[in-house]
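Asks: Here it is, the structure in full.
What follows draws every value from the coordinates through simple rules; no lab data is involved. It should be emphasised that the depicted structure is a prediction, and the values quoted were computed from it without experimental measurement. Every residue, glycine as well, gets a Cβ built from its backbone with ideal geometry; the counts of neighbours run over all protein chains shown.
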Amino acid sequence: MIVDSFDGLTEADARAFTSRWLPAWTGNDPERLTAFYADDAVYCDPAVPRGVHGRDEILAYFRRLLARYPDWVWTNTDVRPLRGGFLNYWHAEIPAGGTVVACDGVCTVTLRDGLITRNEVFFDRSPLLAAMSP
């Protein structure tokens, strides 16, 4: 008999994690945000599709990113357990170019010992880029 084991988070655990993690994206405190990531973590988003690797590179990237968008606000809209972590559905309000851009997206979050080891973010960034164009 084959028994499937699940080593991800429950839905309640994923929601609890996002309730601590997503607020760290707001307020230009990259050290606080980076504390959620393991030393060997990989972070990818549409601006860095090949990713930044390791906590030091992630911190340097987050310093630039959060300085550019210190007042954006991220909220969780749903979660789905995945092997080793969860799928996070989110909504962001991003002040840019004299307007506020609303974005919806999804990211994979893989965890080890309560820290993120891989975070891949997916969303259509064209409205954000358009708002930033002169």
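Asks: For the range 49-65, just list the computed ³J(HN,Hα) in residue order, Karplus coefficients 6.51, -1.76 and 1.60, θ = phi - 60°, integers in Hz, with x standing in for Gly and Pro.
Replies: Karplus values, whole Hz, x for Gly and Pro: x, 7, x, 10, 10, x, 4, 5, 5, 4, 4, 4, 5, 5, 4, 5, 5.
Asks: Then there's this: In deg cm²/dmol and to the nearest 500, what is the mean residue ellipticity at 222 nm of the chain if only DSSP H runs of at least 4 residues count, each as -39500 (n - 2.57), divided by the residue total?
Replies: Theoretical 222 nm ellipticity from helices: -8000 deg cm²/dmol.
Asks: Rounded to the nearest 20 debye, what is the charge dipole size of the chain about its Cα centre when +1 sits on each Lys and Arg Cβ and -1 on each Asp and Glu Cβ?
Replies: 240
Asks: Search the structure for amide H atoms under 5 Å from the amide H of D78, placed 1.01 Å from N in the peptide plane, and list their residues when 5 or more places away or on another chain.
Replies: Y89
Asks: Further question: Cα gyration tensor of the range 68-133, axes a ≥ b ≥ c as square roots of the eigenvalues: rounded (a/c below 1.5), prolate (a/b > b/c) or oblate?
Replies: It is prolate, given that a/c is not under 1.5 and a/b is the larger ratio.
Asks: How far is helix 11-21 tilted, in degrees, relative to the longest principal axis of the Cα atoms in the chain, given as a value from 0 to 90 rounded to the nearest 10?
Replies: That works out to roughly 40 degrees.
Asks: Would you give the gap between the C-alpha center of the range 11-60 and the C-alpha center of the range 81-134, rounded to a whole Å?
Replies: The range 11-60 and the range 81-134 have Cα centres spaced 11 Å from each other.
Asks: Now a separate question. Quick one: divide the alpha-carbon radius of gyration of the range 21-68 by 2.2 N^0.38 Å and tell me what you get.
Replies: The value comes to 1.03.
Asks: Could you give the length gained on full extension between D39 and D104, defined as 0.36 nm per residue of separation minus the Cα-Cα distance, in nm?
Replies: 20.6 nm
Asks: If you bin every alpha carbon distance in the chain into 10 Å steps from zero, what whole percent lands in each bin?
Replies: Reading the bins upward from 0: 12, 42, 34, 9, 2, 0, 0.
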